[in-house]
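Below you'll find the structure, written out as structure tokens, and then a few comments.
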Amino acid sequence: MAKTILVTGGAGYIGSHTVLQLLLGGFKTVVVDNLDNSSEVAVDRVRELAREFGKNLSFHKVDLRDKPALDKLFSSITFDAVIHFAGLKAVGESVQKPLLYYNNNLIGTITLLEVMAAHGCKKLVFSSSATVYGWPKVVPCTEDFPLVAANPYGRTKLFIEEIARDIYRSDSDWKIILLRYFNPVGAHPSGHIGEDPRGIPNNLMPFVQQVAVGRRQALTVFGTDYNTKDGTGVRDYIHVVDLADGHIAALHKLDEDKIGCEVYNLGTGKGTSVLEMVAAFESASGKKIPLVTSGRRPGDAEVVYASTEKAERELNWKAQYSIDDMCRDQWNWASKNPFGYDTSDSTT
Ligand code: NAD
Ligand code: UFG
């Protein structure tokens, strides 16, 4: 019988791509999202892309901190597992508004875990981040590196990881997989779903995309004096569809007997500089991206990329898409949807 998966934050960037892969993989999928940083149009488009599997998707506009609403949902549907994406993710905003981040990310997660426990649903996949590696002294980052948090956002990821480990220690019925994402970019190859950040993008590729469609004048390159091949920061960019497939692999892993609370990196194992990403995007789009150079962004690491061995070995998952594929699909999405899912923020 088809398994039923609850996806929190399923209207968001990574969530929407994962929901599509779940539906195509034959899972019944229930999305809860408060639409704080997303649009219900993304859910509608996922339903269309999934064609005959679209009937297996339902959406509930619910804030995770609304315990009675969550409890009602768990009373009416038996979930086999939960994939938990919902959270706020802007690093700079988290420094300005730490209580907002602690309230939303921690209370949202604790409420979810309480309701799951009360209903006997003890299988969880959680969106952690490479941010927990801080400024790694060596690369590639392996899962056993010491963990640090550089800002309130990162601290919410670290705290939730620790909460997950404590829950498992207290009750070995839990099966929990913590996925540490590196830098998700790109969009579904159809160009119908993609990343649609509210306001000024914090991350490199959404900014580049908005320059390409004429919404911003130039990309500011944060730091040209790093000890890297061209002086700009190096990251491990991963196609969002590869990342989505990593969640399906994690769900299959949860079916094994002895899981406990495990952590896996989801990256490609390859480092790419800011200037290399810009060049790849220019050639995919045929658009020139004007650059302005500035000093380093406070808190930024120099070089971060993943060791992918553990995920390859234990999840039987490996990223397939190249940097050129990521840029091609990002441009396909951007050129078809220059203002994202709607035009209401076309002045931002
Ligand atoms: P996103 O903002 O597009 O998606 C998050 C979704 O959660 C949004 O749709 C938002 O409306 C929803 N949400 C937030 N708080 C909620 C709440 N209290 N109740 C219900 N819904 C709520 O972000 P994304 O890029 O898809 O990221 C998904 C997850 O992956 C996040 O937890 C993020 O921290 C993590 N992550 C993202 C990246 C990245 O670079 N995109 C990297 C590492 C980890
Ligand atoms: N960069 C620019 N200009 C910009 C934006 C970014 O030059 O306008 C540079 C950064 O300095 C960095 C690289 O592009 O060298 C990537 O920056 P992003 O902001 O896209 O990504 P980060 O690796 O800095 O951080 C992101 C998320 C974190 C998360 C981390 C790993 O913001 O929350 O990926 O998942 F932890």
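Of note:
- Restricting the calculation to Cα atoms, every distinct pair contributes to the Kirkwood radius of segment 141-219, found to be 16.0 Å.
- Violating pairs (Cα-Cα greater than 21 angstrom) within the set LYS175/LYS310; LYS157/LYS318; LYS175/LYS270; LYS3/LYS253; LYS287/LYS336: LYS157/LYS318; LYS175/LYS270
- ³J(HN,Hα), Karplus 6.51/-1.76/1.60, whole Hz, each residue of segment 272-282, x for Gly, Pro: 9, 7, 4, 5, 5, 5, 4, 4, 5, 5, 4
- Quotient of the Cα radius of gyration of the chain and 2.2 N^0.38 Å, N being its number of residues: 0.95.
- DSSP finds beta bridges in the chain, and of those with both partners inside it, around 5 percent are antiparallel.
- Cα gyration tensor shape of segment 61-143, rounded if a/c is under 1.5, else prolate or oblate by comparing a/b with b/c: oblate
- Alpha-carbon centroid distance for the pair segment 47-122 / segment 144-197, whole angstrom: 14 Å
- Note on segment 198-319: with neighbouring protein chains present and a 1.4 Å probe, carbon and sulfur make up 46 percent of its accessible heavy-atom surface.
- Annotation note: GluC sites (Glu not before Pro) in segment 162-271 located in DSSP loop regions with a Cβ neighbour count of at most 12 within 10 Å are GLU256.
- Under Karplus coefficients 6.51, -1.76 and 1.60, residue-wise ³J(HN,Hα) of segment 239-253 in Hz, glycine/proline x: 4, 4, 6, 4, 4, 4, 5, x, 6, 5, 4, 5, 4, 5, 4
- Scoring 60-66, 105-111 by mean Cβ neighbours within 10 Å over their residues and listing the highest first yields 105-111, 60-66.
- Restricting segment 209-267 to trypsin sites (Lys or Arg not before Pro) in coil, as DSSP defines it, with at most 14 other Cβ within 10 Å: LYS229, LYS258
- Cross-link reach list, aspartates and glutamates versus LYS137, counting only Cα pairs under 18 Å and skipping chain neighbours closer than eight places: ASP225, ASP236, ASP300, GLU302
- Exposure of GLU40 as accessible area (Å², to 10), given a probe of 1.4 Å and all protein chains: 80 Å²
- Remark: the chain carries 43 Å² of accessible area per residue (probe radius 1.4 Å; ligands, DNA and RNA excluded).
The values are calculated or read from the model by the stated rules, or taken from the named source; none is laboratory data. Everything quoted here is computed from the prediction, not taken from an experiment. Cβ: placed from backbone, ideal geometry, glycine included. Neighbour counts: every protein chain shown. The protein model used for the area step is the full one, side chains on, heavy atoms only, and it has no ligands, DNA or RNA in it. Shrake-Rupley method; radii C 1.70, N 1.55, O 1.52, S 1.80 Å.
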